[in-house]
Amino acid sequence: DGDSARRNSERLSLGWTPDDALRIDATYLAQRNRVDDGGAWRLDAGRQQTDAPVRVPNSERLRLANVTARGAWQRTRMTATLSHYDWQVIRQIDFTNVLERQRDSDAACLRYAVAWRAGGCDDATRAAYHAYLDSRLPAILYQPMAVRSTSGEWRLSDDGNGAWRWTFGAFAEHRVDRVDSIAARADPASGLLIEPLDVTGLRRLDMRLDQQAVYAEVGHAVARGLDATVGLRVYRYVRAAGGSVPVPNIVTGTGSAAEARYRTTARGRNLKFALDWRPGSKVVVRAITSEGFRPGGVNITPELTADERIYRADHLWNYELGLKWAIAGRAVTAEASAFHIDWDGTTFLASSSNGAFSYNTNLPGVDIDGIEARLGTTIGAWRASVETIWLDARLAADTPVGPSDGMGMRGDALPHVPVVSYAISADWRHDVAGGVVTLGLSASGSSGFDSAFGRD
């Protein structure tokens with residue numbers, strides 16, 4: 001019973017309408033989350049029990065501000081938005097087993113010998129190294145993180161009432177991430193981090209992402225009840241990263257990561273094609289093909305090869321057929337879609353050979369098939385909905401995942417992806433003294449999943 005969670009948040013929204021054609025909204029959000037300990041239990045220790053040597057409370061604080069302007073002039077609509085957020089995270093991870101796995105490591109013993117000028121790793125040096133390792137246990141990986149992002153978007157479109165529909169826009173983002181990764185001792189009695197920190201190793205990492213994009217989308221009624229849409233997005237991004245090791249960790253080998261900086265730049269485009277068919281006033285059928293990507297980057301991780309240092313952008317095509325249907329005089333709506341995704345160069349989090357570090361790599365590809373369905377109803381003051389997703393995500397080719405992750409074979413299920421997930425919600429709204437009271441219930445869940453390739 002040590003993993004209780006608390007969340008506190010405040011939100012302030014202001015709206016201003018200087019004239020009939022323009023509205024400006026400003027929002028400020030602050031949120032603080034804290035979890036007292038890790039939310040996982042080990043089967044060997046018993047159900048809902050843990051025998052972990054440490055406690056790892058985690059916390060985060062988010063502050064977000066946004067200003068959005070919306071204008072309407074004759075048949076033209078404009079939206080401009082500017083956002084900034086500051087996200088502070090304190091992450092703690094049990095690091096005891098990672099250090100313990102280096103007990104019989106010849107490389108770790110040699111690093112200890114060099115640090116203490118003991119020559120080679122003979123029996124005496126190995127015994128001294130074991131004593132040093134024991135003095136650093138139990139251990140916690142303490143990671144204060146900061147993410148700051150400023151982004152803006154401008155969009156111009158028609159009012160949607162003509163035979164032609166169009167949208168043009170531009171987007172830009174500047175984001176900076178900083179992380180201190182500190183291996184430190186924990187108190188064996190309480191399992192909590194010793195403060196002030198008793199440091200075993202310290203790495204400092206910083207990352208920057210600058211991206212810009214322009215896009216356009218045009219739709220036209222090609223026949224009665226049939227609309228076609230074509231979209232294009234052209235993007236450019238620059239990703240840079242650097243790191244230093246003020247305190248080398250003898251056990252895991254972070255001393256091999258000298259201060260360095262890396263930079264990647266990419267340009268590309270995404271396409272979209274869609275057909276909407278309305279056989280009646282209550283039914284819409286949509287077929288869509290769309291393209292997407294995530295930026296690549298660099299890994300600031302010790303002991304990586306030149307090929308492992310850089311990971312490229314991943315890319316996907318999504319093919320989807322969907323239906324939306326209003327039933328019983330629109331009191332009930334049913335939505336369903338089936339889709340297939342070809343995901344190339346999939347970005348995947350792999351582990352270093354000693355299990356101490358994680359880094360991004362690219363899988364050859366993943367094939368995903370899925371079905372998504374939702375049923376919703378509104379009856380008077382009551383609203384309710386049920387939705388579910390079935391996903392089958394599998395490797396498209398055999399691939400070595402990483403030094404510690406083994407071999408992924410074609411057809412292996414993608415880790416950490418539940419096959420079935422669902423959400424159920426209902427609420428009741430009532431007007432009271434000029435305000436609104438809402439009471440609601442919700443439930444969600446998913447099937448289990450594996451954390452590595454090679455199991456089904």
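The values are calculated or read from the model by the stated rules, or taken from the named source; none is laboratory data. The shown structure was predicted, so the numbers you read here are calculated from the model rather than taken from an experiment. Glycine gets a Cβ as well: all are built from the backbone with ideal geometry, and neighbour counts include every protein chain shown. For accessibility, only protein heavy atoms count, side chains too; no ligands or nucleic acids. Shrake-Rupley method; radii C 1.70, N 1.55, O 1.52, S 1.80 Å.
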Two-decimal log10 I(q)/I(0) for region 283-422, as the Debye equation yields it once each C-alpha is a single scatterer, q = 0.11, 0.19 Å⁻¹: -0.56, -1.09
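So what is the relative contact order of the chain, in percent, for Cα pairs below 8 Å that sit 6 or more residues apart?
Numbers: 1176 pairs, mean separation 34.4, N = 456.
RCO, the chain: 8 percent.
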Protection proxy ranking, peptides 199-209, 34-44, 441-451, average beta carbon neighbours within 10 Å, highest first: 199-209, 34-44, 441-451
Surface/4 of the Cα convex hull for region 291-334, nm²: 5.7
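Show me the three semi-axes of the equivalent ellipsoid for region 126-170, from the C-alpha gyration tensor (sqrt of 5 times each eigenvalue), largest first, rounded to whole Å. All intermediate terms of the calculation are to be shown ahead of the outcome.
Working: eigenvalues 805, 26, 14 Å².
Output for region 126-170: semi-axes of 63, 11, 8 Å.
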Area accessible to solvent at TRP277, 1.4 Å probe radius, in Å²: 130
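Let me check against my output: what whole-number percent is the relative contact order of region 97-225, with C-alpha pairs under 8 Å and at least 6 apart? Walk me through the numbers on the way to the answer.
Working: 201 pairs, mean separation 29.6, N = 129.
That works out to 23 percent.
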Selected from TRP428, GLY445, ALA393, residue furthest toward positive end of dipole (region 382-456; charges at beta carbon): TRP428
Between helix 106-115 and the chain: long-axis angle, C-alpha atoms, 0 to 90°, nearest 10: 70
With Cα atoms, 0 to 90° folded angle of helix 123-135 axis to the chain main axis: 50
Relative contact order for region 1-148, counting Cα pairs under 8 Å that sit 6 or more residues apart, in percent: 20
Surface accessible to a 1.4 Å probe, per residue, for the residues of the chain, Å²: 57
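Out of region 197-305, which GluC sites (Glu not before Pro) are coil in DSSP terms and have no more than 13 other C-beta atoms within 10 Å?
Values: sites: GLU217, GLU259, GLU291, GLU303; in loops: GLU259, GLU303.
Taking region 197-305 and a limit of 13 other Cβ atoms within 10 Å, the loop GluC sites (Glu not before Pro) found are GLU259.
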Scattering profile of region 371-456 at q = 0.12, 0.24 Å⁻¹ [log10 I(q)/I(0), Debye over alpha-carbon scatterers]: -0.56, -1.09
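Computed over the Cα atoms of region 59-156, what is the ratio Rg over Rh, Rh following Kirkwood? Working shown, then result.
On the way: Rg = 26.6 Å, Rh = 18.3 Å.
A ratio of 1.45.
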Centroid-to-centroid separation of region 213-248 and region 18-58 [C-alpha atoms, Å]: 29
Largest-first ellipsoid semi-axes for region 100-251, taking √(5λ) over the Cα gyration tensor eigenvalues, angstrom: 58, 16, 15
Normalised per residue, the volume of the convex hull around the Cα set of the chain (Å³): 200
